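Everything on this sheet refers to the single structure shown next.
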Amino acid sequence: MATLELKSLRKTYLTEEIIKGISLSIEDREFVVFVGPSGCGKSTLLRMIAGLEDITSGDLLIDGQRVNDVEPGKRGLAMVFQSYALYPHMDVYKNMEFGLKLAGVPEKERSEKIQHVAATLQLEPYLHHKPGQLSGGQRQRVAIGRAIVRNPKVFLFDEPLSNLDAALRGQMRVELSALHRKLNATTIYVTHDQVEAMTMADKIVVLQKGVVEQIGSPLELYHHPRNLFVAKFIGSPPMNFFSAIFQNGGHDGSSVQLRDGTLLHVPVSPPDILPGTKITVGIRPEHVELAPASDDSGVVEVIERLGAITLVHVRCADGQIIVVQTDGFTTLEVDTPVSLKLPPQHCHLFAPDGLAFEACRRHPLAA
Amino acid sequence: MAIKTKRSTKIAVTCLGWGIALWLFFPIFWMILTGFKSEVQAVSTPPKLIFAPTLSSYAEVFERASYWHFTFNTVIISVGATVGALLLAIPAAYSMAFMPSKRTRGTLLWMLSTRMLPPVGVLVPIYLLARSTHLLDTCTGLAIVNMLTNLPIIVWMLFTFFREVPAPILEAGRMDGATRWQEMTMVLLPLALPGIASTALLSLILCWNEAFWSLNLTSSNAAPLTAFIASFSSPEGLFFGKLSAASTLAVAPILVLGWISQKQLVRGLTFGAVK
Amino acid sequence: MQAVLEHSAPKGASERKGKRTGLLLLSPAVLILLVWSLVPLAMTLWYSLINYNLIDPTLHGFAGFSNYWYLLTDPDFLYSLLHTVILVVGVLIISVGGGTLLAILYDQEFFGRGIARVLVISPFFVMPTVSALLWKNLMLHPIYGVYSAMMRAVGLTPIDWLARFPLLTVMMIVSWEWLPFAVLILLTAVQSLDSEQKEAARMDGAGPIAQFRHIILPHLSRAISVVVMIETIYLLTIFAEISVTTAGGPGVASTNLAYLIYSRALLQFDVGGASAGGVLAIIIANVAAMFLVRSVARNLEV
Ligand SMILES: Nc1ncnc2c1ncn2[C@@H]1O[C@H](COP(=O)(O)OP(=O)(O)OP(=O)(O)O)[C@@H](O)[C@H]1O
Ligand SMILES: [Mg+2]
């Protein structure tokens, strides 16, 4: 049982404010992922929760207790570092034992716990190896094991997989998900990686420059990004954007005019803006439809064949490049003229201040 | 052609390298050699390179009970000063390496600048202070002075070594529930042990060879080896064989330590200026 | 410090606690160094202004600047000052110049390089009194010394080096001790030079001299500044070598400031005069230190 509550946390280094008032509550057993561009303060926020950075102002509550001034070791958390941070002078067994020993756990119990964790993580053959003798993946497992044996209330991960190669990262990702299901412990996980965020999270927190841009389930962020930043950040390849003029709108949708004159009726309700306002239209590459050219609306410029899917970069008449995702069997070739179709139900509209128009109907998976 | 010049430069480099090395080492070699001569052989002209070695000089040096007295003093003073300096320097270096503040850099430079204070400048007050506290001509007094003169360099060396320890490892210790003290003794010290050892070694070498305070603050009771050797400079002490034997004994431990640890020593001594 | 705290944003209790721990760990070393550097300094300053002779208690009272005046008009003092500068600069030139060349030499691959290196750096580990006696007696003794024998062997008259060229000979002995230190540090620096950088320079057509000037020397600058700093600290107070070989003589021909103060204080018991000399030595050292610490500080990332 562990819930976390962040109440307008702030962090100032010297004069620069890095974390600008973050409020967030994390439920018991929830897997929360922090994402955001490099330098946005993810690690800083995680370290504030861990107790490794002081909290300049605001409150941090674990299970309802204010822990701002509690030592890191006494908060009941365990952390897995990006660099693993194993104790190089201790073997795997001693690495896992260290925290238990400091906590005064009796020898026999320590040994049992470590054996159990080692079995779970397939570390048994390496218990008496030093970290220097292990591969990256094994070190990663030891770091996780060291966190697990202490049976913490909350797990903290700071980009734990970023030092692994792609194949191992995929494997560890699946293992971590399985582990989380098994341990059922509250987890906070920092990552750069879209796939990790989308596949593992119960809840994603998108951060930018020390503020929260949006909190929601992965599909909520995907289908209903709250603003331009989240729309750009979530999804790979990223969403296409172009400008348009807002015509009118109501509860059942909004009409916009694209630059080539096309009218779109998108099922989103407008905020309080005037007709004629310049707004932004966004659509994901997988939702744009290609049709053989009937006119000169676009020309294929680049084709990236990834096997299962194909990414087609189309240059429009006004010079803008739009990326379209199609199946792997398309026979399109470079320089072929094509026309694009934008299904209005998949379009997102963003007001000049960057905020998204409210969808008239929520996506069933992102309710 | 190219190969030929290469070979000839190689020969030149070898000759030059060995020639200079032998020339620079020659005095030490000669000292060791002379230690195995009798007093008569030692002053023969021209000097003999080949002779019947004898241990008579060593025997005489050892016979003088005072030799052991001086050696004992040197060991006590060097070890005492080194241990004391490490006890003060480790927490200071830890604080500067892992809890840096705006003033850390300034503090380090200030510490080094206190080392710039020439000992002669403060010879008189230190002498008088030592006399009034009855520390004159005691091992304790000399150890304290040695500890203080070496402290800045030791702090800086340790700081350099500590900074090579990745901070996340210490943070992992803190997450595991270690207090600051446990973090320092159970995580940092084992990791930085090679660095600490080479720092201690440098401090030992500096104390062992220290001459200014040793000659000025001691007379007989606490006189270390360096003062013992200096006593040979008086004309009546001029026995080349014994001088050489005693000198060899005095420098041998440090020379061997220095040979073994030269790489480690340098790493600390460059203050991080050389990676 | 108070001002700094007041200006910064409000801090959590734990932050203040963290700062306190840091300060607490730092303070023993800082405080003891503070005492060590300030108390004797203050005492020296005070003694330099009074009449104080250990064996002549009739001399007492405030002396004003007369100790300084007496010292500054004493030709011995000026000589000793000059000798100090000559020794420091001379040894620095020999050890840094020679050290750089030797570092490059011992960076080359050749047979038995490891052993040769060990031999070269050995003199650094020899205590000053031993090296002084070694040179004075075994090497340079006009009758029994090896060098004298060698000169006789080629038909020259041996020279009594310490009597004829006392300062130069002391400088040589000290250089013999400190050259290895420079080699030790500079060799490490040379070895840390990226060999790709040298190869790139060779591809650009740089000859050995151009490589030295444009690649090696700039790379060595930090290490050189460290060598200069540490050596200066020690060279400003060369004492044992002089005390053992020449006792400052003949006359004051090899007396430096350190030896002069020593002889005033502990041989002539003139505490006031010696202290005035001490104050001047401190001023000189601080001028040197200011430049050195600055240049080194620029070269070190703290
Ligand atoms: N000790 C510090 N002193 C001053 N500024 C710091 C300190 N640590 C971090 N910062 C600044 O805080 C900001 C956030 O850093 P943080 O490490 O939290 O970013 P991040 O989101 O984890 O980035 P990344 O994805 O690259 O790991 C950065 O701009 C960084 O420069
Ligand atoms: Mg980070």
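Throughout, read-outs are computed from the coordinates displayed, never taken from laboratory work. Small disclaimer: the values here were computed from a predicted structure and weren't measured. Cβ placement follows ideal geometry from the backbone for every residue including glycine, while neighbour counts extend to all protein chains displayed.
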Inset, instruction - Please give the FRET efficiency for residue A:332 paired with residue A:260, using the beta carbon to beta carbon distance and R0 = 30 Å, rounded to the nearest 0.05. - result: 0.90
Legend entry - Cβ-placed point charges (K, R +1; D, E -1), dipole of chain B about Cα centre in debye, nearest 20: 1180 debye
Legend entry - 17 Å cut-off, amide nitrogen to a point 7 angstrom out along residue B:110 Cα→Cβ, residues in the range C:28-52: C:28-42
Inset, instruction - Quickly work out the residue B:62-to-residue B:29 label distance, labels modelled 7 Å from Cα along the C-beta direction, and quote it in nm with one decimal. - result: 2.7 nm
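Would you mind finding the longest exposed-site-free stretch of chain C, with exposed GluC sites (Glu not before Pro) meaning DSSP loop and at most 15 other Cβ atoms within 10 Å?
The longest uninterrupted stretch comes out as C:110-300.
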Legend entry - trypsin sites (Lys or Arg not before Pro) restricted to the range B:85-170 and DSSP loop, no more than 10 other C-beta within 10 Å: B:102
Legend entry - the protein assembly as shown - share of DSSP beta bridges that are antiparallel (%, nearest 5): 80 percent
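Rounded, prolate or oblate: which fits the range B:1-153, taking a ≥ b ≥ c as square roots of the Cα gyration tensor eigenvalues, rounded meaning a/c under 1.5, else prolate when a/b beats b/c?
Because a/c hits 1.5 or more and a/b fails to exceed b/c, the range B:1-153 counts as oblate.
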Legend entry - Residue order, fewest to most surrounding Cβ atoms within 10 angstrom, among A:260, A:91: A:260, A:91
Legend entry - Nearest-0.05 FRET efficiency for residue A:346 and residue A:318, computed from C-beta distance (R0 22 Å): 0.55
Inset, instruction - Please identify every one of the GluC sites (Glu not before Pro) in the range A:272-367 that sits in a loop by DSSP and has no more than 14 other beta carbons within 10 Å of its own beta carbon. - result: A:333
Inset, instruction - Taking 7 Å along the Cα-to-C-beta vector as the label spot, tell me the residue A:163-residue C:19 distance in nanometres, rounded to one decimal. - result: 3.3 nm
Inset, instruction - Work out which chymotrypsin sites (Phe, Trp or Tyr not before Pro) in chain C are exposed loop sites (DSSP not H, G, I, E or B, at most 14 other Cβ within 10 Å) and give the longest gap free of them. - result: C:112-268
Inset, instruction - Give, as a single signed number, the net charge of other residues whose beta carbon lies under 12 Å from the beta carbon of residue B:211, with Lys and Arg counted +1 and Asp and Glu -1. - result: -3
Legend entry - Test item: Cα-centred dipole of the protein assembly as shown, Lys/Arg +1 and Asp/Glu -1 on Cβ, debye: 1540 debye
Legend entry - √(5λ) per eigenvalue of the Cα gyration tensor, the range C:31-162, largest first, Å: 44, 25, 15
Inset, instruction - Report Rg(Cα)/(2.2 N^0.38 Å) for the range C:69-301, keeping two decimals. - result: 1.18
Legend entry - Largest-first ellipsoid semi-axes for chain A, taking √(5λ) over the Cα gyration tensor eigenvalues, angstrom: 46, 25, 16
Inset, instruction - With only Lys, Arg, Asp and Glu charged, each at its Cβ (+1 for the first two, -1 for the last two), find how big the charge dipole of chain A is about the Cα centre; round to the nearest 20 debye. - result: 1240 debye
Inset, instruction - Could you check which residue among C:48, C:95, C:27 shows the biggest mean-square fluctuation in a GNM of chain C with a 10 Å Cα cutoff? - result: C:27
Inset, instruction - List the extent of the Cα atoms of the protein assembly as shown along each of their three principal axes, largest first, rounded to whole Å. - result: 114, 74, 63
Inset, instruction - With unit charges on the beta carbon (Lys/Arg positive, Asp/Glu negative), name the residue among A:183, A:360, A:194 whose Cα is farthest towards the positive pole of the charge dipole of chain A. - result: A:183
Legend entry - Using a Förster distance of 35 Å, the FRET efficiency for residue C:247-residue C:221 (Cβ separation, nearest 0.05): 0.35
Inset, instruction - Grab the eigenvalues of the alpha-carbon gyration tensor for the range B:133-214, scale each by 5, take roots, and send me the semi-axes largest first in whole angstrom. - result: 33, 14, 9
Inset, instruction - Please report the orientation-averaged projected area of the range A:232-362, defined via the convex hull of its C-alpha atoms, in nm². - result: 8.2 nm²
Legend entry - Candidates C:37, C:80, C:243, ranked by Gaussian network fluctuation over chain C, Cα under 10 Å, top entry: C:37
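Could you work out the relative contact order of chain B, using alpha carbon pairs under 8 angstrom and six or more residues apart, expressed as a whole percent?
Over chain B, the number comes to 30 percent.
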Inset, instruction - Filter the chymotrypsin sites (Phe, Trp or Tyr not before Pro) in the range B:1-64 to those in DSSP coil with at most 16 other Cβ atoms within 10 Å of their Cβ, and list the result. - result: B:51
Inset, instruction - Answer with one residue from C:176, C:137, C:208: the one whose Cα lies farthest towards the positive end of the charge dipole of the range C:69-301, charges on Cβ with Lys, Arg +1 and Asp, Glu -1. - result: C:137
Inset, instruction - Towards the positive end of the charge dipole of the range C:69-301, with charges on Cβ (+1 Lys, Arg; -1 Asp, Glu), say which of C:191, C:104, C:283 has the farthest Cα. - result: C:104
Legend entry - Surface/4 of the Cα convex hull for the range B:66-231, nm²: 10.7 nm²
